[in-house]
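Bear in mind that the values in this text are calculations on the coordinates, not laboratory data. Predicted model only: the values in this text are computed from it and were never measured. Glycine gets a Cβ as well: all are built from the backbone with ideal geometry, and neighbour counts include every protein chain shown.
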Amino acid sequence: SDSSCELASRKLTDKETSTFNLLLNRRIGHEPIQYILGRWDFHHLTGIIVREPMLCPRPETEELVEHVLGEIDSLLSQQETEEKIRVLDVGSGTGAIGIAIANRYPNKVQVVSIDVLRDAVDLSTDNAEKFLSRHFEGNRQSIESLYRAVLSSAKDFDLEEKGCERGFDIVVSNPPYIPVRDMSELPSD
């Protein structure tokens with residue numbers, strides 16, 4: 001088209017050239033593209049916010065989400081009440097796993113996501129508001145009834161203290177799992 005030809009022949013301004021060089025140097029330095037962009041697509045969530053020190057959502061993690069969604073389908077088909085399926089996401093990071101699950105079943109699940117990092121709890125809460133608010137017209141209290149991030153380790157998580165009325169039907173986690181012996185073989189990014 002004409003507009004793509006115009007764009008292809010357009011020269012960058014000094015500011016654009018400087019920005020491009022800065023981003024290019026970050027990538028040459030092996031910084032993950034997800035951190036450079038500040039967002040990444042994950043399981044029907046377009047533009048999930050990503051930043052250090054949280055790990056970047058990976059395609060393999062989408063397979064884990066699909067497996068959990070299959071388990072939820074199975075539980076829902078066996079269910080005799082309207083009680084929500086309760087999911088505990090251990091190690092929320094960006095919130096990608098729990099939010100993808102909550103986004104798929106906004107009226108049928110309740111996700112509690114825990115992490116030991118305050119930054120992870122804050123980021124996953126921001127992502128939940130970004131992606132789940134459409135189900136509740138932005139009502140934060142309603143979003144928290146669907147997805148809630150809590151600062152806690154799995155060991156120290158106390159159901160009653162955290163306002164959970166009952167246990168969980170599914171526990172999901174995708175912690176860092178690279179064996180120490182394989183670390184030296186990994187690409188630096």
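Is region 23-88 best put as rounded, prolate or oblate by its Cα gyration tensor, with a ≥ b ≥ c the root eigenvalues, rounded for a/c under 1.5, and otherwise prolate when a/b is larger than b/c, oblate when not?
Prolate, because a/c is 1.5 or more and a/b exceeds b/c.
Which whole-Hz couplings ³J(HN,Hα) result when phi for each residue of region 47-61 is put into the Karplus expression 6.51 cos²θ - 1.76 cosθ + 1.60, θ = phi - 60°, listed in order with x for Gly and Pro?
Coupling constants for region 47-61: x, 4, 6, 10, 7, 5, x, 5, 6, 7, x, 10, x, 4, 5 Hz.
So how much slack lies between N21 and S9, counting 0.36 nm per residue of separation and subtracting their Cα-Cα distance, in nm?
Between N21 and S9, full extension yields 2.4 nm more.
Relative contact order for region 1-159 using alpha-carbon pairs under 8 Å, separation at least 6, rounded to a whole percent?
After rounding, I find 17 percent.
Provide the packing ranking of 34-45, 7-18, i.e. peptides ordered by the mean count of other C-beta atoms within 10 Å per residue, highest first.
34-45, 7-18
Which value in nm describes the separation of the simple spin-label points at R134 and D73, placed 7 Å from the Cα toward the beta carbon?
Once both label points are built, they end up 2.1 nm from each other.
With r defined as the distance between the Cβ atoms of E80 and E52 and R0 fixed at 41 Å, what FRET efficiency is calculated, to the nearest 0.05?
0.35
Rounded, prolate or oblate: which one fits region 49-145, using the alpha carbon gyration tensor with axes a ≥ b ≥ c (rounded when a/c is under 1.5, else prolate when a/b beats b/c, else oblate)?
oblate
For region 25-36, what does the Karplus curve 6.51 cos²θ - 1.76 cosθ + 1.60, with θ = phi - 60°, yield as ³J(HN,Hα) per residue in whole Hz, taken in order and with x for Gly and Pro?
With the stated coefficients, region 25-36 comes to 5, 5, 5, 4, x, 6, 6, x, 4, 4, 5, 5 Hz.
So how much slack lies between D122 and S142, counting 0.36 nm per residue of separation and subtracting their Cα-Cα distance, in nm?
5.5 nm
About its Cα centre, what dipole magnitude does region 1-95 give when the only charges are +1 on Lys and Arg Cβ and -1 on Asp and Glu Cβ, stated in debye to the nearest 20?
760 debye
Could you give the dipole magnitude of region 68-133 about its Cα centre, charging the beta-carbon of Lys and Arg +1 and that of Asp and Glu -1, in debye to the nearest 20?
The dipole of region 68-133 has a size of about 80 debye.
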